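The values are calculated or read from the model by the stated rules, or taken from the named source; none is laboratory data. Just so we're clear, the structure is a prediction, and the values are computed from it rather than from any experiment. Neighbour counts are summed over all protein chains in view; Cβ atoms, including those assigned to glycine, are modelled from backbone coordinates with ideal geometry.
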């Protein structure tokens, strides 16, 4: 999973985390889930993908995760993408963050 911020024509990577193949992935009724409470892979602790609701939720934290410097400057448009090992890609664009402070970034997709 990765996130980019675009201001004008310039884009920059905000973060990138990997959810490796294996036993941490489970098929669920509504999609897929990944769980690694230790966050051993880039700090990613959980990821829930609900294909029947077009929703992806991730929890990332810890020493392995390098968060972007906040607040983001220049009224950025944020793009978040999730790609699987066979090339499928899911993504969302966030044009107007509702919170963009030194400690928190919160937005809903367009």
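Residue pairs whose Cβ atoms lie under 8 Å apart, sitting 6 or more positions apart in sequence or on different chains, and linking a residue in the range 88-107 that is at positive phi and outside any loop (DSSP other than H, G, I, E, B) to a partner that is surrounded by 14 or more Cβ atoms within 10 Å (Cβ to Cβ) and at pLDDT 90 or above, do not occur here. Where strands (runs of 3 or more DSSP E) fall entirely within the range 1-87, those with at least 1 residues that are in contact (Cβ under 8 Å) with a residue 40 or more places away in the chain, under 18 Å from residue 107 (Cα atoms) and touching a strand residue (DSSP E or B) at 6+ places or on another chain (Cβ under 9 Å) are at 2-7, 10-16, 44-50, 55-60, 77-83.
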